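One structure below.
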Amino acid sequence: MSRIGKKPIALPAGVKFAVADKVVTVEGPKGKLTLELPPHVTAAVEGNDIIVTPKDDTRQANAMHGLTRSLINNMVIGVTAGFKKELAIVGVGYKASLAGSKLTLNLGYSHVIEFEVPKEIKLTVTPENKMIIEGIDKQLVGETAAQIRRFRPPEPYKGKGIRYVDERIILKEGKSAG
């Protein structure tokens, strides 16, 4: 059995958890998330905890046991606290602006890049060239941050580009003259 899957998930006050027709629904102060349960796993509420159990003792059931527990735990965290990623734009003349749900990026290319922000995501652009991506779905927050970073990943010589705020770029030495 999965070590992660065995841990119960604490259900905070103000969070509703329901399982109906193999679909898990978690509703809290920040919103509502749903997840379709894999066929090898069941989830139920016992007291103030959510317990995820495998239906049988197969390798597939054990794999889905830990995964499902982690996904449900992320849903509970998302509807109570939410998730946040921060990106920094480094480079002379590189800038970002937000108009409605359209992010406009000037990243040194001959054209301007426009990115449509998903409606479930709250994006904030600060004056010091930082972007804060917030939402209740951990996967969507991470994927949106990765898509934006992909437009101009940090290069290894000067470190210019879009990077996560806590990311450390190891700079290479340039060509030597002699």
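Quick notes on this one:
- Residue tally, condition within 15 Å of Ile132 (Cα to Cα), surrounded by 14 or more Cβ atoms within 10 Å (Cβ to Cβ) and not aromatic (Phe, Trp, Tyr), over the stretch 74-85: 2
- Considering Ala61, Ala88, Ala43, the condition of being surrounded by 12 or more Cβ atoms within 10 Å (Cβ to Cβ), under 30 Å from Met131 (Cβ atoms) and either out of contact with any Gly (no Cβ under 6 Å at 6 or more places or on another chain) or not β-branched (Val, Ile, Thr) (or both) is satisfied by Ala88 alone.
- Enumeration of residues in the stretch 121-178 that are closer than 19 Å to Ala81 by Cα, open to solvent by less than 30 Å² (accessible area, probe 1.4 Å) and without any contact (Cβ under 8 Å) to a residue 24 or more places away in the chain: Ile121
- Restricting attention to the stretch 15-34, the residues that are among the aliphatic types (A, V, I, L, M), touching a residue at least 24 places away in the same chain (Cβ under 8 Å) and open to solvent by 30 Å² or more (accessible area, probe 1.4 Å) add up to 1.
For every residue, the table says whether it meets (1) open to solvent by 50 Å² or more (accessible area, probe 1.4 Å); (2) touching a residue at least 60 places away in the same chain (Cβ under 8 Å).
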{"residue": "Lys7", "(1), (2)": "yes, yes"}
{"residue": "Glu36", "(1), (2)": "yes, no"}
{"residue": "Ile50", "(1), (2)": "no, no"}
{"residue": "Lys55", "(1), (2)": "yes, no"}
{"residue": "Gly66", "(1), (2)": "no, yes"}
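- Verdict on Tyr109 being open to solvent by 40 Å² or more (accessible area, probe 1.4 Å) and not charged (D, E, K, R): yes
The values are calculated or read from the model by the stated rules, or taken from the named source; none is laboratory data. Quantities reported herein were computed from a predicted structural model and do not represent experimental measurements. Counting neighbours? That spans all protein chains shown, and the Cβs are built from the backbone with ideal geometry, glycine included. Surface accessibility is based on the protein's heavy atoms, side chains included, excluding ligands, DNA and RNA. Shrake-Rupley method; radii C 1.70, N 1.55, O 1.52, S 1.80 Å.
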